[in-house]
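Student: If you scroll down you'll find the structure; I have some questions about it.
The values are calculated or read from the model by the stated rules, or taken from the named source; none is laboratory data. All values reported here derive from a predicted model rather than from experimental measurement. Cβ: placed from backbone, ideal geometry, glycine included. Neighbour counts: every protein chain shown. These accessible areas exclude ligands, DNA and RNA; they are computed on the full protein's heavy atoms, side chains included. Shrake-Rupley method; radii C 1.70, N 1.55, O 1.52, S 1.80 Å.
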Amino acid sequence: MARRAPGMAMSLLAGEPGLVAILAGILGLLIGSFLNVVVYRLPRIMRRQWASDATEILLEPEIAAELQLPETLLSSLSAALKPLGELVQKLPVLSLSKPRSRCPSCGHAISALENIPIVSWLMLAGRCRACRCRISMRYPLVEGAVGLLFGLAALQFGATAQGAASLVLISLLVAMTLIDADTMLLPDALTLSLMWIGLLFSASGKGFVTLEASVVGAAVGYAAFWIIGTGFRVLRGMEGMGAGDYKLLAALGAWFGWTGLLPIVVLAAGVGSVVGITLILMRRATALTRLPFGVYLAPAGVIMLFFGPSLVALALPGVH
Ligand SMILES: [Zn+2]
């Protein structure tokens with residue numbers, strides 16, 4: 001029987017691993033539901049921001065001077081871009097919290113009752129309550145997957161700093177996997193946050209690796225992919241990897257140290273190759289099709305979370 005310090009929630013939970021896992025699982029369902037919103041909205045928020053930035057940047061006198069734009073082109077550009085800028089300003093507010101979720105087909109505002117993770121989707125038989133159009137099965141699947149991963153992380157790490165950090169890592173990696181799959185984007189807001197959180201977590205002394213291993217991991221992760229990406233561009237004249245991939249590997253290096261980089265890249269490249277070759281065989285892709293690498297890199301990070309020490313021992317025998 002574990003001794004319990006009265007009044008301390010963490011110590012109470014420490015003696016109840018099953019309860020911790022269930023609570024984490026429920027939290028995962030709710031976070032999964034929020035991640036569905038993030039995955040849908042973040043790329044849209046970014047596109048609006050780019051459009052708004054582009055209209056302003058193109059009209060800066062320094063840009064026009066640098067491009068040596070003729071006066072006539074400059075005036076027609078400004079005539080076209082000013083209304084575009086106003087149009088972007090007038091779009092209805094879109095943020096992660098506003099407006100509340102709506103059916104993408106009919107605009108029906110989704111009530112709290114229709115927003116219960118998994119349960120609502122099942123109750124509605126996968127259809128919008130107003131227009132009866134299909135709601136993607138991906139939403140309940142994401143909620144279930146995040147709930148499951150949260151529960152497993154709680155079982156493995158318990159009610160500890162590592163357990164709490166795992167939930168943050170899983171959330172960001174799930175969001176990145178889906179956004180990269182949908183849009184081939186890996187938002188800085190996610191990759192760089194993950195890297196800084198990983199560095200701070202290691203600096204706390206409670207992380208998965210030392211601060212030293214974490215800093216080296218972030219730098220080597222970024223550099224390794226930068227070299228591969230730049231080499232590809234110079235030698236083959238094509239974009240093999242995006243800067244988002246460099247930042248994501250840097251982030252994973254910050255969490256798992258430099259020794260974690262090799263197993264993560266091998267896992268991601270292995271699964272990515274199998275999927276790539278399958279798509280080519282199914283004639284859905286060619287050898288030149290760019291696959292979003294973050295789709296494999298981010299899940300490799302999740303696998304690393306659960307099997308890190310064994311994977312490092314396999315990839316780098318003799319290194320601790
Ligand atoms: Zn609808």
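Student: Could you grab the pairs with beta carbons closer than 6 Å, sequence gap of 6+ or different chains, first residue in the stretch 269-284 and under 16 Å from residue 296 (Cβ atoms), second one at pLDDT 80 or above?
Tutor: That search, which allows pairs on different chains as well, returns 271/296; 272/296.
Student: Kindly indicate whether any position in the stretch 217-233 is farther than 18 Å from residue 263 by Cβ, β-branched (Val, Ile, Thr) and modelled with pLDDT of 90 or more.
Tutor: Yes: the stretch 217-233 contains one or more residues that are farther than 18 Å from residue 263 by Cβ, β-branched (Val, Ile, Thr) and modelled with pLDDT of 90 or more.
Student: May I ask you to say which residue of 228, 170 is without any contact (Cβ under 8 Å) to a residue 24 or more places away in the chain, out of contact with any strand residue (DSSP E or B) (no Cβ under 7 Å at 6 or more places or on another chain) and in a helix (DSSP H, G or I)?
Tutor: None of the other options fit; the residue is 228.
Student: Return the pairs, sorted by first residue and then second, in which the second residue is open to solvent by 20 Å² or more (accessible area, probe 1.4 Å), the first residue lies in the stretch 194-206 and is assigned to a helix (DSSP H, G or I), the beta carbons are less than 7 Å apart, and the residues are 6+ apart or on different chains.
Tutor: Listed by first residue and then by second, the contacts come to 194/172; 195/247; 197/168; 199/215; 202/209; 202/210; 202/211; 203/211.
Student: With (1) among the hydrophobic types (A, V, I, L, M, F, W, C); (2) within 16 Å of the ligand (Cβ to nearest atom); (3) in the same structural domain as residue 298 (by TED's automatic domain parsing) as the list, and residue 185 as the residue in question, which single condition is left unmet?
Tutor: Just one mismatch for residue 185, condition (2).
Student: Considering only the stretch 50-74, state which residues are closer than 26 Å to residue 91 by Cβ and open to solvent by 100 Å² or more (accessible area, probe 1.4 Å).
Tutor: Hits for the stretch 50-74 are 50, 56.
Student: Picking from 247, 206, which residue would you name as being of a type in the set (D, E, K, R) and within 14 Å of residue 293 (Cα to Cα)?
Tutor: 247
Student: Taking the stretch 124-141, which residues are open to solvent by less than 70 Å² (accessible area, probe 1.4 Å) and more than 16 Å from the ligand (Cβ to nearest atom)?
Tutor: 140
Student: When you go through 151, 144, 158 one by one, which is the residue that is over 12 Å from the mean Cα position of the chain (by Cα), more than 16 Å from the ligand (Cβ to nearest atom), at pLDDT below 95 and open to solvent by less than 60 Å² (accessible area, probe 1.4 Å)?
Tutor: Unique residue meeting the criteria: 158.
Student: Right, here's the next one. Hey, can you tell me all the residues within the stretch 100-123 that are loosely packed, with under 14 Cβ neighbours inside 10 Å, more than 22 Å from residue 179 (Cα to Cα) and within 14 Å of the ligand (Cβ to nearest atom)?
Tutor: 106, 107, 109, 111
Student: State which residue pairs qualify: first residue without any contact (Cβ under 8 Å) to a residue 40 or more places away in the chain and inside the stretch 128-147, second residue more than 16 Å from the ligand (Cβ to nearest atom) and open to solvent by 30 Å² or more (accessible area, probe 1.4 Å) in any location, beta carbons under 7 Å apart, and separation of 6 or more residues or different chains.
Tutor: Pairs found: 140/118.
Student: Do any helices (runs of 4 or more DSSP H) entirely within the stretch 231-320 hold 1 or more residues that are polar (S, T, N, Q), and if so, which?
Tutor: Filter on the stretch 231-320 gives 258-281, 294-315.
Student: Can you tell me which residue in the stretch 196-241 is most open to solvent (accessible area, probe 1.4 Å), limited to those that are out of contact with any Phe, Trp or Tyr (no Cβ under 8 Å at 6 or more places or on another chain) and among the hydroxyl-bearing types (Ser, Thr, Tyr)?
Tutor: Ranking the candidates gives 210 first.
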